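Some notes on the structure that comes next.
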């Protein structure tokens, strides 16, 4: 498997396996950097933000999705239920206490890192990125019709998607 | 009291009393527009965003604070308590159901309007504003030492402050 620093010799699609904090690329290598539901597993967002800014060409795009701070804050990643077992509301707690959260995902213990919205935005704006668009993902009309449980996804934001330009 | 349209004749500080949606000013009148904890009482944020963009000079600043969407979503604006009356967590519900919330403030019934973070950001970015800074207000070290109840303000975001440039 090629090392990331040999990126200049890339043809087509190639895959690297590495801790994100340890990846290195030459400055101004990429037109677009895309990250899907990964960065809430990474402790040092500021480091990643710095690197991504360097790796992008001028005018380059950084588009990413993460679990929403409202979703990661409290840590259990489950609803609050009433005495009848009905979903009562979504719990938010320790919002400004950033860092490690021990959660479960598909039956496995998983460590995630909670960050405030302020941190996600500030780290990138401070690098010099320009915010282009923000979306808190919600189900479409079609999904709401097809899957009745999807209506709960209108009750709390789960996914945050942002698009930035260098 | 002068009407807003006579703004060109203003000397020093003058005060107008009017519904925000009905205020009119000439285009490119102001260097800075500041709004403190007001816009969550206004139903039509998009209209306000359009107007503010027009009223600012090129390079002008729009800085505002509102109650945070996490604070306004559920509507009762109170904690969830356990059976011993202790604060359990902050409830979020109906996050994507924007609009009217009937709340109480200092013992009075008050109508507020919940909007998602996406709406606050998108309305302004779509006008052409550039996001400069976002802060979710939290108590300082000094406040935390002086007022023990302030530690609850680390548990959920109450105030959202944003700064934009035309």
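Some points to look at:
- Considering region A:77-101, the residues that are within 17 Å of the chain's Cα centre (by Cα) and in a loop (DSSP other than H, G, I, E, B) include one that is modelled with the lowest pLDDT, namely A:77.
- Any hit, region A:102-116, residues being free of Cβ contacts under 8 Å to residues at least 40 places away in the same chain, within 22 Å of residue A:41 (Cβ to Cβ), within 18 Å of the chain's Cα centre (by Cα) and at the interface with chain B (Cβ under 10 Å from one of its Cβ atoms): no
- Among the residues making up region A:12-51, those that are without any contact (Cβ under 8 Å) to a residue 40 or more places away in the chain, within 19 Å of the chain's Cα centre (by Cα) and surrounded by 15 or more Cβ atoms within 10 Å (Cβ to Cβ) are A:20, A:23, A:33, A:35, A:39, A:48, A:51.
- Pairs, first more than 7 Å from every other protein chain (Cβ to nearest Cβ) in region A:80-95, second outside any strand (DSSP E or B) and modelled with pLDDT of 95 or more, C-beta under 6 Å, six or more apart: A:87/A:79
- Of all residues making up region B:65-76, the number that are crowded, with 17+ Cβ neighbours inside 10 Å and either assigned to a loop (DSSP other than H, G, I, E, B) or at pLDDT below 95 (or both): 3
- Some residue of region A:146-161 being in contact with a helix residue (DSSP H, G or I) (Cβ under 7 Å, 6 or more places away or on another chain), surrounded by fewer than 18 Cβ atoms within 10 Å (Cβ to Cβ) and within 13 Å of another protein chain (Cβ to nearest Cβ): yes
- Residue check for residue B:62: touching a helix residue (DSSP H, G or I) at 6+ places or on another chain (Cβ under 6 Å) and not in a strand (DSSP E or B): no
The values are calculated or read from the model by the stated rules, or taken from the named source; none is laboratory data. No experiment lies behind these values; they were computed from the predicted model shown. Glycine also receives a Cβ, built like all others from the backbone with ideal geometry; neighbour counts cover every protein chain displayed.
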